[in-house]
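What follows is a short report on a single structure.
The values are calculated or read from the model by the stated rules, or taken from the named source; none is laboratory data. These figures come from a predicted structure and were not determined experimentally. Heads up, the Cβs are rebuilt from the backbone with ideal geometry, glycines too, and the neighbour counts pull from every protein chain shown. Each accessible area value is taken on the protein alone, full model and side chains, heavy atoms only, with ligands, DNA and RNA left out. Shrake-Rupley method; radii C 1.70, N 1.55, O 1.52, S 1.80 Å.
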Amino acid sequence: MAEDIIIHSGHEDSPSSDGDARVEHTQLSREELSELVDIVLLVGQSMLLSGAANFRTEQTMAQIGLGMGADRLELFVTTTGIIATAVSGSEQRTRVGRVGPLGVNMAQVVGYNRLSRYMSLIGGTLDSTRRQVMAIKAKPRDLPAWATIPAVGLACGGFAQNLGGGWGEFAAATLGAALAQWTRLKLHALGVSAYALTVVSAFFAVLAAWGICEVADCPRPDLAVAASVLLLVPGVPLVTSVIDLTNHDMVSGLARAALSILLALAIGVGVMLALWVTGLRILP
């Protein structure tokens with residue numbers, strides 16, 4: 001279970017460039033405290049949806065909340081929901097928010113992390129912080145689909161060669177992985193579940209790789225098939241699972257580990273369906 005994070009502020013020396021500044025927070029009104037909790041909760045939900053680890057999410061939420069003038073924050077973060085309580089003087093407000101399917105968007109995680117570090121030093125008003133949070137949330141991905149799709153394909157094609165394949169296997173894995181990435185992006189935009197999305201993407205990746213290998217008469221089609229689905233391996237959930245577990249967050253760590261296992265099984269289902277359709281044998 002994730003542990004509460006309780007951070008005090010308001011009557012202590014605040015870090016500054018000259019080390020002598022002192023920040024005194026006045027008590028926030030009931031409406032201001034409610035707005036503060038809403039902003040903090042929005043940050044936490046966005047970070048989890050972007051693939052951030054729980055401890056990083058809690059730390060970022062706390063720094064932003066304290067920077068807006070809260071005296072204390074108590075946070076309970078899991079992969080499916082967040083409970084946030086902000087305290088200012090004799091007032092306190094609590095909000096509960098649900099978290100949707102986890103994804104990966106490290107640009108948003110970095111943006112919130114930078115904002116939290118800035119606010120831990122300088123602070124910020126409620127209005128300006130909300131504007132900055134909404135700007136980070138609305139920011140499109142750094143690279144468009146037309147750049148990521150061929151890049152992913154070439155990376156998986158390189159893996160096929162590293163595994164011992166030739167140029168035929170390289171071309172097959174590149175096309176299969178690019179098609180899988182395109183399929184994944186389209187299905188994600190339609191709101192398809194991660195498991196169904198992974199099965200379909202793996203199926204089309206293997207189908208495309210097999211087709212190229214048939215045309216090019218590849219000696220090792222099994223290498224092309226294996227490399228074409230490498231983009232679907234749930235690396236971020238696996239890494240964040242280890243991070244959460246090492247921070248004694250057993251609930252979220254095990255939940256992310258279970259998600260990773262289910263996604264790996266979904267890859268296997270998609271590959272097996274494609275092998276059944278094509279009749280290709282990749283095992284001795």
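Total residues in segment 27-71 satisfying the condition of being under 16 Å from Asp127 (Cα atoms) and not in a helix (DSSP H, G or I): the figure is 5.
When you look at Ala226, is it at pLDDT 95 or above and not in a loop (DSSP other than H, G, I, E, B), yes or no? No. Take segment 184-228 and flag every residue that is charged (D, E, K, R) and touching a residue at least 60 places away in the same chain (Cβ under 8 Å). Hit for segment 184-228 is Asp222, nothing else. Within segment 180-213, if we keep just the residues that are aromatic (Phe, Trp, Tyr) and within 13 Å of Gly270 (Cα to Cα), the residue that is least open to solvent (accessible area, probe 1.4 Å) turns out to be Phe203.
Checking Leu48, Leu66 one by one, the residue that is open to solvent by 20 Å² or more (accessible area, probe 1.4 Å), of a type in the set (A, V, I, L, M) and without any contact (Cβ under 8 Å) to a residue 60 or more places away in the chain is Leu66 and no other. Annotation note: Cβ proximity below 8 Å between a residue of segment 71-85 that is within 16 Å of Leu254 (Cα to Cα) and a residue that is open to solvent by 20 Å² or more (accessible area, probe 1.4 Å) and small (Gly, Ala, Ser) (sequence gap 6+ or interchain) occurs for Thr78/Ala255; Thr79/Ala255; Thr80/Ala255. Residue pairs whose Cβ atoms lie under 7 Å apart, sitting 6 or more positions apart in sequence or on different chains, and linking a residue in segment 109-126 that is free of Cβ contacts under 8 Å to residues at least 40 places away in the same chain to a partner that is in a helix (DSSP H, G or I), are Gly111/Ile136.
The condition of being farther than 12 Å from Gly270 by Cβ, of a type in the set (A, V, I, L, M, F, W, C) and in contact (Cβ under 8 Å) with a residue 12 or more places away in the chain holds for Ala160.
Residues in segment 240-281 that are open to solvent by 60 Å² or more (accessible area, probe 1.4 Å) and touching a residue at least 60 places away in the same chain (Cβ under 8 Å): Asn247, His248, Met250, Val251, Leu262, Val269, Leu273, Val277. Do we find that Leu231 is touching a residue at least 12 places away in the same chain (Cβ under 8 Å), in contact with a Cys (Cβ under 9 Å, 6 or more places away or on another chain), open to solvent by less than 70 Å² (accessible area, probe 1.4 Å) and part of a helix (DSSP H, G or I) in this structure? When the stated conditions are applied, Leu231 passes them. For segment 86-119, filtered to residues that are open to solvent by less than 20 Å² (accessible area, probe 1.4 Å) and either more than 25 Å from His188 (Cα to Cα) or polar (S, T, N, Q) (or both), the residue that is farthest from the chain's Cα centre (by Cα) is Ser88. Scanning segment 135-142 turns up at least one residue that is within 14 Å of the chain's Cα centre (by Cα) and not acidic (Asp, Glu).
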